[in-house]
Amino acid sequence: MTHDVIVIGGSYAGMAAALQLVRARRSVLIIDAGRRRNRNATLAHGFLSQDGVDPAVIASKSRAQLQAYPTLAWRDDVVIAASGTRDAFVVRTADSGAFAARRLLLATGVLDALPAIPGLQERWGRSVFHCPYCHGYELDQGRIGVIAAYPMSVHQAQLLPEWGTVTFFLNEAIELDDVASRDLQARGVAIERTPIAAIDGHADVVLADGRRLAFAGLFTAPKNAPATPLAEAMGCLLMETPMGTQVQTNDAKETSVPGVFACGDTARIPHSLSLAVGDGAWAGANLHRSLVWPDA
């Protein structure tokens, strides 16, 4: 069987795209490795009608709704290779074999490269965050630490006083110019230059000089890259952004390889659940149009 579309990645963007396609009665196969980026988060915020809901519940409910459509198939598996040309793609998986499709959608998400600080990774998504719109309100105007990772971290530190009292840890990752220093000070941001030794407790920053500073939550700006090498292996162009590397797409969410589309965090910045769903819905509609009008 040749599917109309194989969606690689069954998180929010991939499912949103698939929903548009199955509602057009197209044959869709989702292949998902089960590694949602927000799997460590206990609650999702900023997503209309789902504010304060466990993101795992949102994902499982979405999957159940999709699987009510007879043209939707789902495989819990890892894609190890994809090849071919428009109308003749083949996707190979670790456990289930090979599958054919006329179009491919890469919704594989990203990897987060965090600052190499002991204790930071273990708290990612629980008390260490990247998106203030997703997690800032729940900190209840408390003390917030921002850990510098690269130049975009300055923007994060400038924005976060909307949600609490901010300390910006340079952590030897960046140097502030006079303009940025004055702006941060005007925003009431305390600048801490002592390097960080570890993150401890709920969100305690232990400094190299022995001081321990407690916070309601911490923010940092990870560098992102596509979670799998599939896009690059297929010849899709990548592009550099202030937040890392992403798959390059046009306005219709098609990559540089005809018939291969990409959406969600792997193909757009900034990142949030709401934005991933919207991007996926747009990609799904454009995938359908490419099947109806292949020469457009």
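Worth pointing out:
- Options Leu213, Ser153, Ala190, ranked by Cα towards positive dipole end of the chain, top entry (Cβ charges): Ser153
- Here the sum of -39500 (n - 2.57) over DSSP H runs of 4 or more residues, divided by the residues of the chain, equals -6500 deg cm²/dmol at 222 nm, to the nearest 500.
- Short-range pairs are left out: with C-alpha atoms under 8 Å and at least six residues apart, the relative contact order of the chain is 22 percent.
- Förster radius 25 Å - calculated FRET efficiency between Tyr137 and Val57, Cβ distance, rounded to 0.05: 0.80
- Our analysis of the stretch 115-220 gives Rg over Rh at 0.92, with the two radii drawn from alpha carbon positions and Rh computed by the Kirkwood formula.
- For the peptides 175-181, 10-16, residues were scored by their other Cβ atoms within 10 Å and the scores averaged per peptide; the highest-first order is 10-16, 175-181.
- Summarising the label geometry, the points placed 7 Å from Cα in the beta-carbon direction at Thr2 and Arg211 lie 6.6 nm from one another.
- Summarising the label geometry, the points placed 7 Å from Cα in the beta-carbon direction at Thr42 and Ser256 lie 4.4 nm from one another.
- Residue among Leu237, Leu106, Leu43 with the largest mean-square fluctuation in a Gaussian network model of the chain, springs linking Cα atoms under 10 Å: Leu237
- Kirkwood analysis of the chain, using all unique Cα-Cα pairs, places the hydrodynamic radius at 20.3 Å.
- Residue of Lys61, Lys253, Lys223 that the Gaussian network model of the chain assigns the largest fluctuation, springs spanning Cα pairs under 10 Å: Lys61
- Relative contact order of the stretch 115-220, defined on C-alpha pairs under 8 angstrom at six or more residues apart (%): 34
- Choice from Ala267, Ala44, Ala113 showing the highest fluctuation, given a GNM over the chain with Cα pairs closer than 10 Å: Ala113
- Cα-based shape type of the stretch 168-290, given that a ≥ b ≥ c are square roots of the gyration tensor eigenvalues and the cut on a/c is 1.5: prolate
- Dipole magnitude of the stretch 197-245, debye to nearest 20 (Cβ charges: Lys/Arg +1, Asp/Glu -1, about Cα centre): 100
- A simple spin-label model places the labels of Arg86 and Ser49 3.4 nm from each other, with each point 7 Å out along Cα-to-Cβ.
- Summed residue charge, Cβ within 13 Å of Ser27's Cβ, Lys/Arg positive, Asp/Glu negative: +4
We did not get these values from a lab; they are worked out from the coordinates using the rules stated. Predicted model, so just to flag it, every value in this text is computed and none were measured. FYI the Cβ positions are ideal-geometry reconstructions off the backbone, even for glycines, and counts take in every protein chain you see.
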